[in-house]
Amino acid sequence: MVLLSDIAEMKFVSENSAESLVSLRGLHDRVVDDESRSQIASRSDYFCHARESVCELLARAAERLPREYYFIVKEAYRPLSRQRLSYEAAIDDARIERRPGRKEEA
């Protein structure tokens with residue numbers, strides 16, 4: 001397992017993909033998108049869209065789920081600006097967690 005705190009100092013290269021975005025709506029009966037958007041910051045109309053290859057993998061994974069399980073997708077697409085903010089916040093949190101002498105909260 002690789003934790004976010006383990007990769008906090010790594011640098012990642014992001015490339016734009018020419019791959020089409022596909023809606024998750026109606027993708028599979030065991031893939032449900034959360035139309036309420038109650039737990040996401042983005043208001044993009046593309047929140048329930050993902051790259052075509054990702055949708056294909058998700059549909060294949062859904063086929064393997066036990067009948068009583070399903071995937072619920074809160075957010076698939078994020079604008080790059082939102083993703084950068086989320087990533088930076090997560091890295092900052094990981095750095096705080098790794099500080100020497102940090103006491104655990106009760």
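Kindly provide the set of residues from region 64-83 that are outside any loop (DSSP other than H, G, I, E, B), of a type outside the set (D, E, K, R) and surrounded by 13 or more Cβ atoms within 10 Å (Cβ to Cβ), ordered by number.
Hits for region 64-83 are PHE71, VAL73, GLN83.
Of everything in region 19-49, what is at pLDDT below 90 and loosely packed, with under 10 Cβ neighbours inside 10 Å? Give them in sequence order.
Residues satisfying the conditions are GLU35, SER36, SER38, GLN39, ARG43, ASP45.
What residue, among those in region 55-91 that are within 13 Å of ASP33 (Cβ to Cβ) and among the aromatic types (Phe, Trp, Tyr), is farthest from the chain's Cα centre (by Cα)?
In this case the residue turns out to be TYR70.
For residues that are within 13 Å of the chain's Cα centre (by Cα) and either on the phi > 0 side of the Ramachandran plot or without any contact (Cβ under 8 Å) to a residue 40 or more places away in the chain (or both), tally how many sit in region 30-54.
Residues meeting the conditions: 8.
The values are calculated or read from the model by the stated rules, or taken from the named source; none is laboratory data. Computed from a predicted structure; not experimentally measured. Virtual Cβ from ideal backbone geometry, glycine too; neighbours counted across all protein chains shown.
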